[in-house]
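Student: I'd like to ask you about the structure that follows.
The values are calculated or read from the model by the stated rules, or taken from the named source; none is laboratory data. Model, not experiment: these values are computed from the prediction. Every residue, glycine among them, receives a Cβ derived from its backbone with ideal geometry; neighbour counts consider all protein chains shown. The area values use the complete protein model at the heavy-atom level, side chains included, leaving out ligands, DNA and RNA. Shrake-Rupley method; radii C 1.70, N 1.55, O 1.52, S 1.80 Å.
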Amino acid sequence: VSRRWSIQLTRKLFDAQGGMAGVIVVSLDPAYFARFYASFNAPGGAIALVGPDGKIRARAPAVEGSLGAVVDAATMERLRGPDEAGTWWGGSEIDGQERLYAYRRLDRYGLVVTVGLSAREVFREFERESAGFLLAGLGLTVLVVALGQMLIRSRRRLESSQAALSGTLENMSQGILMVDAEGRVPVITRRAA
């Protein structure tokens, strides 16, 4: 009558003898769900009610032409599959955004609820944290390289000092012999030998 989209819920009524006494029909305006779903606040996200025919019954944020649009065949195959709930990555035919989607099939009502979060939003926290980890790793790398350079310089100085001491000991006119507490001889010059 109104030529507007509506969601129909029906129940048979039976009389005392079990015969049909009538039908109760409740007609819901999808705008009711759209207002409810509009409270869904996820930047770049979307939430939708999809019927068994693949038509979108309600969507937030509302996009011109989305009400009554049919989801693609691959999505419908997923929604009709054996699992009552699941997730997948995909692009929206309505607004072209890449999203991580989750769905739950409400078989009792013949509807599927889908929630899509923008890939950018899903990874935003990871990217923010990874930048911090990258900076910390970079700082630690610079510190390790600086310490490595200091150790290399220290070793070179020690080797140079040992070479100078060794040269000095070998060029002395007296022989030098060192014996440690255990009786080992760590230093002996040629003249001492």
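Student: So what's the angle, to the nearest 10 degrees on a 0 to 90 scale, between helix 119-170 and the longest Cα principal axis of the chain?
Tutor: Long axis of 119-170 versus the principal axis of the chain: about 10 degrees.
Student: Let me make sure I get this right: for region 146-193, a, b and c are the square roots of the gyration tensor eigenvalues over alpha carbons, sorted descending. Under 1.5 in a/c it's rounded, otherwise prolate if a/b > b/c, else oblate. Which is it? Display every interim value, and only then the final one.
Tutor: Working: a/c = 5.71, a/b = 1.90, b/c = 3.00.
The shape class here is oblate.
Student: For region 81-193, what does the alpha-carbon gyration tensor say about shape, rounded, prolate or oblate, given a ≥ b ≥ c as the root eigenvalues, a/c under 1.5 as rounded, and a/b over b/c as prolate?
Tutor: Prolate, because a/c is 1.5 or more and a/b exceeds b/c.
Student: Moving on to the next point. Largest first, please: the extent of the C-alpha atoms of region 20-153 along each principal axis, to the nearest Å.
Tutor: Taking max minus min along each principal axis of the Cα atoms, region 20-153 gives 98, 30, 25 Å.
Student: Right, another one. Note down the net charge around R80, summing +1 for each Lys or Arg and -1 for each Asp or Glu among other residues with Cβ under 12 Å from its Cβ.
Tutor: Numbers: positive: R78, R105; negative: D53, E77, D83, E84, D107.
Summing Lys and Arg as +1 and Asp and Glu as -1 gives -3.
Student: For region 80-193, which whole-number percentage of the solvent-accessible area (1.4 Å probe, protein heavy atoms only) is attributable to carbon and sulfur atoms?
Tutor: So the carbon and sulfur contribution to the accessible surface is 59 percent.
Student: Name the residue farthest towards the positive end of the dipole of region 87-144 from the options V144, L100, G110, assuming +1 on Cβ of Lys and Arg, -1 on Cβ of Asp and Glu, about the Cα centre.
Tutor: G110
Student: Rounded to the nearest 0.05, what FRET efficiency do E84 and E127 have when you use their Cβ-Cβ distance and R0 = 25 Å?
Tutor: 0.15
Student: With a 1.4 Å probe and every protein chain left in place, work out the accessible area per residue of region 82-193 in Å², rounded to a whole number.
Tutor: I get 77 Å² per residue for region 82-193.
Student: What size of dipole, in debye to the nearest 20, comes out for the chain about its Cα centre when the only charges are +1 on Lys and Arg C-beta atoms and -1 on Asp and Glu C-beta atoms?
Tutor: 240 debye
Student: Also: Summing Lys, Arg as +1 and Asp, Glu as -1, what charge do residues with Cβ under 14 Å from the Cβ of G45 carry, G45 excluded?
Tutor: Summing Lys and Arg as +1 and Asp and Glu as -1 gives +1.
Student: Charges on Cβ only, +1 for Lys and Arg, -1 for Asp and Glu, centred on the Cα centroid of the chain; of A164, M20, L9, which one is farthest towards the dipole's positive end?
Tutor: Result: A164.
Student: Please report how far the C-alpha centroid of region 135-187 lies from that of region 58-83, rounded to the nearest whole angstrom.
Tutor: First find each Cα centre; the distance between them is then 73 Å.
Student: For the chain, what does the relative contact order come out to in percent, with C-alpha contacts under 8 Å and a separation of six or more?
Tutor: Once normalised by length, the contact order is 12 percent.
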